[in-house]
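A short worksheet on the structure shown next.
Throughout, read-outs are computed from the coordinates displayed, never taken from laboratory work. Being a predicted model, the structure only gives us computed values, none of them experimental. Heads up, the Cβs are rebuilt from the backbone with ideal geometry, glycines too, and the neighbour counts pull from every protein chain shown.
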Amino acid sequence: MGLLGAIKSALGLAAKPSGGAGGGSAAAIGGADPSKYNLAKVYELAEAMPPPQKVQWATESAKTVQDKLPAADVEAISSAEQWLASPSPESAAKAAEAAKSAGHAGPGAWSAQAAEYSQQAGAVSEATTAAAAAGAPSAAGLASSSTGGAVLLAASTEAQGEAPKVEVPAFDGAPSSEIPELAMDAPEVPPAPTAEELQKTADALKPYIDRGEEILAEAPEFNPPGLEIPGAPEAPPIPAAPEV
């Protein structure tokens with residue numbers, strides 16, 4: 001089970017109204033609108049943010065529940081904030097180490113992991129180029145996933161009153177150009193979420209999504225090819241096309 005599956009299992013979060021059975025009447029219950037406040041919206045916002053804002057959203061979300069988190073996860077939040085204050089390969093490495101020490105199992109750990117990936121998102125190297133050519137996830141995409149994980153874990157922690165018991169598979173934060181072969185059984189099709197499940201999810205996520213929208217609205221225009229992060233090497237110039 002991946003991070004998203006573990007979070008959904010821990011809290012029983014429903015992904016998104018499908019329009020099918022159980023998904024059409026959730027808004028009638030009152031509260032947050034499940035068509036706007038759902039897991040898909042969290043990742044949509046994370047994808048749209050520049051890397052620094054991804055980390056800002058992740059760390060703010062994690063700090064909301066830091067009194068319910070273990071010490072290692074609180075330390076990871078601090079390391080992510082240090083990267084935000086002074087983004088560099090060194091502060092990103094410290095964030096990655098903090099995420100590893102926290103077991104990649106809490107919102108603080110994933111905010112720190114988002115910091116490491118956000119640093120990598122501004123770097124161009126032979127390793128990242130080879131990874132992209134092989135179809136491996138981009139650092140920017142991994143930063144978005146880490147941010148989404150941090151936000152969802154924070155919402156889960158707040159809703160439960162304690163950090164959820166999440167078992168995350170062994171994780172290596174370093175991107176790789178190698179794509180492992182996976183032997184997978186045919187997935188079971190889960191039942192459509194009920195209106196109550198959709199409403200529970202919407203209510204838990206509303207304050208986090210509202211804050212994410214504020215951060216995105218205040219963010220500078222996001223232009224990934226021109227992204228500049230201190231410490232990241234510049235991309236090599238594109239050679240001019242030969243004259244015909």
Under a crude label model (7 Å from the Cα following the beta-carbon direction), how far is E218 from E196 in nanometres?
3.8 nm
Between A85 and E162, what length comes free when the chain is fully extended (0.36 nm per residue of separation minus the Cα-Cα distance, one decimal in nm)?
24.9 nm
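Tell me, what is the percent relative contact order of the stretch 25-96, built from C-alpha pairs under 8 Å that lie six or more residues apart?
Normalised by residue count, the contact order of the stretch 25-96 is 21 percent.
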